[in-house]
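No lab work stands behind these numbers, since they all come straight from the coordinates. Bear in mind that the values here come from a model prediction, so they are computed numbers and not experimental data. Don't worry about glycine lacking a Cβ; one is built from the backbone with ideal geometry, like all the others, and counts go over all protein chains shown.
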Amino acid sequence: MKSDELESAYALIREFNDGQFKADSLINDQQEKLIKLLCQDLLPNTEFSLDRIGSIIEDIATADTLWNRKSQNVINEIYTFLGEKKPIQAEECRNSFIRDCPSLWYRKIVESV
């Protein structure tokens, strides 16, 4: 999974969340590819199917919101621990998120802190 492809995929789900297209809209081949990437990244146990594309897009949007919030919370916790001079707790917090999060995109964000 290339980083620029994943970046484009997350830009697409932001467009969906912003109401720029609906889950049951017709999608082009590039959008299909990006949605499939998002499915693999956020919902690794979900089989991608064009027959269920609407519900898959909605599930992706829900998972994206969940992991976005969790990543923001864990980043805040990491900075709090670091500010309190508790680097071991900060690392434990980071490692816990990385272990639990299915998304390479969000794991990379947290790893970079």
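Values as computed for the structure displayed
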read-out: Ser25-Gln72 pseudo-label distance in nm [points 7 Å out on the Cα-to-Cβ vector]; value: 2.3 nm
read-out: In nm, spacing of pseudo-spin labels at Ser112 and Ser8 (7 Å Cα→C-beta vector); value: 1.9 nm
read-out: Ratio of Rg to Rh over the stretch 1-99 (Cα coordinates, Kirkwood Rh, two decimals); value: 1.09
read-out: At 0.890 mPa s and 25 °C, Stokes diffusion of the stretch 31-82 via Kirkwood alpha-carbon radius, µm² per second; value: 203 µm²/s
